[in-house]
Amino acid sequence: MTQRIAVVTGANGGLGETMCKALCDQGRKVIGTYLPTDEENAKNWQQQMQEQGYELAIYPLDVTDYDNCCSMIATVEQEQGPIDILVNNAGITRDAPLKRMQPEQWQAVLRTNLDSMYNMCQPVFDAMCSRGFGRIVNISSLNGEQGQFGQANYSAAKAGIYGFTKAIAKEGARKGVTVNAVSPGFIDTPMVRQVPENVLESIIAGIPVGRLGQPEEIARAVAFLTAEDAGYITGTNISVNGGEYMS
Ligand code: CAA
């Protein structure tokens, strides 16, 4: 079998890195995307990955821009080959209580966390269906499941991912293309470390497992869903949250 090509958006972020490593460990050819404004960091990161034995190609990408997604995907397919696996991981927070949330905070989070799903899936989906194989994993969040104080924007976007995931899972089901969500809880990443210390302490106190999750614990779910023999799992969500929300 030819080596499958996996694209991970937001690859050089807190969760993306471990997803890239897990996909490499699975024998995939991994392509990471990074924010165009973050080129220098991304190149350093690629170098560090290489030193650890992980060979990744990286491409600049703004997931909020449909045309940019289409052109990046076309370039990857031309330079590397067809995309079989897509992990929509790029995401941001702009937390504020609703009474203080500005339109820019709402729009930035909806565009990055939800529009990106359409922007990335739409240009790859038909070709995956035609080839009879595809694995798409959309990274949602515990806070899309339960809602979170100060995250009306983020919770709305992450909840929207479930509807999107289920709809296109139905469209891909007979074509060998699975589409699932993974919902991380509070994981030890720079995004979570931005939460004010006192707030984070009370959040950790409410996690039944009693600690933050590790990025590898999310990557494990992604690798599970993208495996060759995961073809009967589609339209579902794996919550990885230390028991904080049990649906
Ligand atoms: N539930 C109920 N009330 C709360 C609350 C909560 N969880 N958090 C704060 N409040 C109350 C406070 O007690 C305070 O009440 P009073 O005005 O009566 O004193 C009021 O709301 C204002 O609180 P803050 O002083 O904290 O307000 P702020 O404007 O300084 O900050 C905030 C608001 C930015 C939302 C801040 O509370 C915050 O950062 N919260 C954490 C948000 C969060 O969990 N983000 C997750 C980021 S990680 C992530 O998103 C990854 C993932 O997928 C899980």
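Along its first, second and third principal axes, ordered by size, the range 86-214 spans 51, 36, 21 Å in Cα coordinates.
Only Lys, Arg, Asp and Glu count, each charged at its Cβ (+1, +1, -1, -1), so figure out the dipole size of the range 50-110 about its Cα centre, rounded to 20 debye.
Values: 3 positive and 10 negative charges, 114 e Å.
The dipole magnitude comes to about 540 debye.
Give, as a single signed number, the net charge of other residues whose beta carbon lies under 11 Å from the beta carbon of Cys129, with Lys and Arg counted +1 and Asp and Glu -1. Spelling it out: positives minus negatives among the neighbours equals +1.
Using the heavy atoms of the protein chains alone and a 1.4 angstrom probe, what is the accessible area of the chain per residue in square angstrom?
On the way: 11720 Å² over 247 residues.
Per residue, the chain has an accessible area of 47 Å².
Please report, as a whole percent, how much of the solvent-accessible surface of the chain comes from carbon and sulfur atoms (probe radius 1.4 Å).
Numbers: 5860 of 11720 Å².
That share works out to 50 percent.
Here the alpha carbons of the chain define both size measures, Rg and Dmax, at 17.2, 54 Å. The helix-only estimate of mean residue ellipticity at 222 nm for the chain, built from DSSP H runs of length n ≥ 4 each weighted as -39500 (n - 2.57), is -14000 deg cm²/dmol after division by the residue total. Suppose R0 equals 22 Å. What FRET efficiency, 1/(1 + (r/R0)^6) with r the Cβ-Cβ distance, do Asp65 and Ala108 give to the nearest 0.05? Using R0 = 22 Å, I get an efficiency of 0.95. The count of lysine pairs in the chain whose Cα atoms are under 22 Å apart, excluding pairs fewer than 8 places apart on the same chain, comes to 7.
Placing a pseudo-label 7 Å from each Cα along the Cα-to-Cβ vector at Thr75 and Arg131 gives an inter-label distance of 1.9 nm.
Once the C-beta distance of Gln3 and Glu40 is scaled by a Förster radius of 45 Å, the resulting FRET efficiency is 0.95 to the nearest 0.05.
Each Cα pair under 8 Å and six or more residues apart adds its separation to the average, and for the chain the resulting relative contact order is 19 percent.
Around Thr93, under 12 Å between beta carbons, what's the net of Lys plus Arg minus Asp minus Glu among the other residues? Spell out each step's value before the answer.
Numbers: positive: Arg94, Lys158, Arg193; negative: Asp95.
Net of charged neighbours comes to +2.
Separation of the range 172-247 and the range 41-85, taken as the distance between their Cα centroids, equals 23 angstrom.
The values are calculated or read from the model by the stated rules, or taken from the named source; none is laboratory data. All values derive from a computational prediction rather than experimental measurement. Positions of Cβ are generated from backbone atoms using ideal geometry, with glycine treated the same way; all protein chains shown enter the neighbour counts. These accessible areas exclude ligands, DNA and RNA; they are computed on the full protein's heavy atoms, side chains included. Shrake-Rupley method; radii C 1.70, N 1.55, O 1.52, S 1.80 Å.
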